[in-house]
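Shown next, in structure tokens, is the structure this report addresses.
The values are calculated or read from the model by the stated rules, or taken from the named source; none is laboratory data. This structure is a prediction, so every number in the text was calculated from the model and none was measured. Glycine gets a Cβ as well: all are built from the backbone with ideal geometry, and neighbour counts include every protein chain shown. In case anyone asks, the SASA skips ligands and DNA or RNA and just uses the protein heavy atoms, side chains included. Shrake-Rupley method; radii C 1.70, N 1.55, O 1.52, S 1.80 Å.
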Amino acid sequence: MSLLSAQEVMELIPNRYPIFFIDKVEELIPGEKVVCYKNVTINEPFFQGHFPGEPVMPGVLIVEALAQAGSIPLLKLDDFKGQTAYLGGLNKIKFRQKVVPGDVLRLQVDIVKLKKFAGIGYGQAFVGDKKVAEAEMTFIIGR
């Protein structure tokens, strides 16, 4: 059962196809944590060139999916409703395994620090029980 559908997420964040990567939200604690899912399908436009004959989801798009997920618990806070969470910085990015068509990405982001107009999140992407990527992300909240 999902807590938020893709449509409901689009009411929070401005991203749209082909750069919208959240299919559902399963767990959400505003200002603290989110668990989302992204179904990776062969018809994603980036697979045409990355890579012909061996489709692999670009790492930068895995990080983008984590950033979209991380913005959700911030934008569900009353202080940040109706605003946009911009990615302000990335640290400690690691990729551990390829993500390919048919995989389901579980995106978990824990908000580790909140400031007046910013937040820091630690994101992890999993396929099954295997961690495929992680990143520390700084978000700037604005209009």
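Working from Cα pairs under 8 Å separated by at least six residues, relative contact order for segment 1-86 is 31 percent. Both the radius of gyration and Dmax for segment 1-41 are 10.2, 30 Å, in that order, over alpha-carbon atoms. Mean residue ellipticity at 222 nm, helices only, the chain: -4500 deg cm²/dmol; runs of at least 4 DSSP H residues each add -39,500 (n - 2.57), and the sum is divided by the number of residues.
Computed from the Kirkwood radius of its Cα pairs, the Stokes-Einstein diffusion coefficient for segment 5-69 at 37 °C and 0.692 mPa s stands at 257 µm²/s.
For the chain, the alpha carbon positions stretch 47, 31, 27 Å along the principal axes, listed from largest to smallest.
Accessible surface area normalised per residue over segment 34-143 is 49 Å², counting heavy atoms of protein chains with a 1.4 Å rolling probe. Split the accessible area of the chain by element, probe 1.4 Å, and carbon with sulfur accounts for 53%. With θ taken as phi - 60° and the Karplus curve 6.51 cos²θ - 1.76 cosθ + 1.60 applied, the whole-hertz 3J(HN,Hα) list for segment 75-80 is 6, 8, 6, 3, 5, 10 Hz, x standing for glycine and proline. Remark on PHE21: its backbone amide H falls under 5 Å from none of the residues 5 or more positions apart or on other chains, H modelled at 1.01 Å from N.
Round to a whole angstrom and tell me the spacing of the C-alpha centers of segment 1-68 and segment 83-129. First find each Cα centre; the distance between them is then 11 Å. Computed about its Cα centre, the charge dipole of the chain is approximately 380 debye, with only Lys, Arg, Asp and Glu carrying charge at their Cβ.
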